[in-house]
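Any read-out appearing in this document is the output of simple, stated calculations on the displayed coordinates, not a laboratory observation. Just so we're clear, the structure is a prediction, and the values are computed from it rather than from any experiment. Don't worry about glycine lacking a Cβ; one is built from the backbone with ideal geometry, like all the others, and counts go over all protein chains shown.
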Amino acid sequence: MPSLTFLGATGTVTGSRYLLEAHGRKILIDAGLFQGRKELRERNWAPFQADASSLDAVVLTHAHIDHSGFLPRLVKEGFNGITYATPPTGRLLPPMLTDAAHLQEEEARYANKVGSSKHTPALPLFTVQDAQHALNTVRTHPFDQPCVLHPGLEFTYRRQGHILGAAAIEFRIKVAGGEHITVYFSGDVGRYAVPILMPPTPYRGSTYLVTESTYGNRFHDGSDPAEVLGDVIMETCQRGGVLLIPAFAIDRTQEVLYYLSELAREDALAPIPIFLDSPMAREATAIYRQCVREHDVEMREMLREKIDPLAPPNLQIIGSVQESQKLNSMRGPAIIISASGMATGGRILHHLRHRVSKESTIVLFTGYQAEGTRGRRLLDGEQEIKIFGEMLPVRAQIRTVSSLSAHADADELIIWASAAETAPKRVFVTHGEPEASQALAERLHRRFGWECHLPVLEETVQL
Ligand SMILES: [Zn+2]
């Protein structure tokens, strides 16, 4: 009998790892890192719960680190099967994993230099070499075509919006009596009315459904992101300060660039310098531009008309660390877009360190801020923030543009699910903080009568 074990993303939004066992094969769906609170992050150091060398394959939904970042550890622990990814995910993974490894190595080096770690010497979770070994296991498989892993065990990728290459995964498993069951993993569900990428594929039904619930209890305000950006930029000009936009290198950055370009085309963008200071975001932007098969109609049309919707005027791309450091002495008004999106690492930390205590600064968050991250603390209105071991007073204006999220909100999740032609026998609600998962489970039950379950960590269910 096939079984499913929840090895992460239970009661939290990170660490997606689901172990599907069928026909004597062990398949891991997503190999994500835990992020956010310290006790969550510490789980990344624990050995993989199910013997990495016994896994036959890993099937990734998308390139986000909380879905793919555990892969280097898994390979180090002996995984030697194939890692499947959609073609765009296959292009995003090399910069993603290498960048994550660089950050890990840098943090360990820094901790050793200032002696801020309890562990001596502090070690990176994985190195650039570990990331390379993980990348060597990746094989891409296109959307909407079955991939046979073993007779009676296959999966199909379905486009899911969210970020470039993101997929839901539909498994089809042969069971006793020649019947089949299907297990549908939502991955992260994207949004409908957003630019650049094609919208999520509606969920048509399955025997079992494993769905994310990041925004299960929340709604994006209906604001127009371009308008919010335009207003904040105007205010930045009045204050004469710098607008810091911590943006996830993948997708948020491209959307911010898209909306800035749109404002410029409408003559509604103040002519101030825009700096993109994230090597990873620069690379991701190039990949976004190249993956034309994934573009929505408007994006295709603009590119055909030789309009680059990801290059607003006055955009300057920052390369070296020296160039990045030069921005510290710059006076406003200006815009700095930099990663990471939750201010957990990356160059944005240096910019925050220099500017978060200045009254003229505005910090504009562009997406979900997980519990325990600096982004969440700043949004929660904390008066002081710790960066590189130093407590800094927060005098900057802290804002968010919630309508710029890459995740479907509570209503959009229901819209996505409402296309189901058959009711799933059971729904497993994961990838959300407990209240969010609970809220989505209750809504799915009330609306469609579906039986929903919130699995706990390491719980196994028979399918
Ligand atoms: Zn994601």
Cβ-based net charge around Ile337, under 13 Å, with every Lys or Arg adding one and every Asp or Glu removing one: 0
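Excluding Gly36 itself, calculate the net charge of residues whose Cβ lies under 13 Å from the Cβ of Gly36, where each Lys or Arg counts +1 and each Asp or Glu counts -1. Each step should come with its number before you reach the end.
Working: positive: Arg37, Lys38, Arg41, Arg43, Arg374, Arg376, Arg377; negative: Glu39, Glu42, Asp66, Glu371, Glu433.
Summing Lys and Arg as +1 and Asp and Glu as -1 gives +2.
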Can you give the angle from 0 to 90° between the axis of helix 279-290 and the longest principal axis of the chain, with both taken from C-alpha atoms, to the nearest 10? 60 degrees
Evaluate the charge dipole of the range 225-404 about its Cα centre and quote only its size in Debye, nearest 20, assuming +1 on the Cβ of each Lys and Arg and -1 on the Cβ of each Asp and Glu. 640 debye
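Among DSSP bridges having both ends in the chain, what percentage is antiparallel? Round to the nearest 5.
Values: 33 of 68 bridges.
Roughly 50 percent of the beta bridges in the chain run antiparallel, per DSSP.
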Where labels lie 7 Å past Cα in the beta-carbon direction, separation of Leu303 and Ala419 in nm: 2.2 nm
Which value, in debye to the nearest 20, describes the size of the charge dipole of the chain about its Cα centre when Lys and Arg Cβ atoms bear +1, Asp and Glu Cβ atoms bear -1, and nothing else is charged? 820 debye
Can you tell which of Leu243, Tyr259, Val292 lies farthest toward the positive end of the dipole of the range 225-404, using +1 and -1 charges on the Cβ of basic and acidic side chains (Lys, Arg; Asp, Glu)? Leu243
Phi to ³J(HN,Hα) by Karplus 6.51 cos²θ - 1.76 cosθ + 1.60 over the range 339-344, Hz, x for Gly, Pro: 9, 8, x, 9, 6, 9
Segment Ser3-Arg331, length gained on full extension (0.36 nm per residue, minus Cα span): 112.2 nm
Quick one: grab Rg to one decimal and Dmax as a whole number for the range 160-283, Cα atoms only, in Å. 19.9, 72
Enumerate lysine pairs in the chain that are 8 or more residues apart or on different chains, then count those whose Cα atoms are under 26 Å apart. 15
A correct Karplus calculation of ³J(HN,Hα) over the range 158-172, with 6.51 cos²θ - 1.76 cosθ + 1.60, θ = phi - 60°, whole Hz and x for Gly and Pro, returns 10, 4, 10, x, 6, 9, 3, x, 5, 9, 8, 10, 10, 8, 10
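Considering the convex hull of the alpha carbon atoms of the range 113-197, report its projected area averaged over all viewing directions, in nm², one decimal.
Values: hull surface 42.4 nm².
With the hull built on Cα positions only, its mean projection is 10.6 nm².
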Along the charge dipole of the range 315-463, Cβ charges K/R +1 and D/E -1, which of Ser338, Thr422, Leu404 sits furthest on the positive end? Ser338
I'd like the distance between the alpha-carbon centres of the range 34-113 and the range 214-241, rounded to an integer number of Å. 32 Å
Cα-based equivalent ellipsoid, the chain: semi-axes from gyration tensor eigenvalues, Å: 36, 25, 21
Cα convex hull of the range 204-257: how many Å³ per residue? 149 Å³
Computed for the range 73-138: size of charge dipole around the Cα centre, +1 on C-beta of each Lys and Arg, -1 on C-beta of each Asp and Glu, debye to nearest 20, value 80 debye
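Would you please put 448-456, 107-115, 347-355 in order of how densely packed they are, using the mean number of other Cβ atoms within 10 angstrom per residue and starting with the highest? Intermediate results must be reported in sequence, preceding the final value.
Numbers: 448-456: 15.3, 107-115: 13.8, 347-355: 21.6.
Taking the mean over residues of other Cβ atoms within 10 Å, the ranking is 347-355, 448-456, 107-115.
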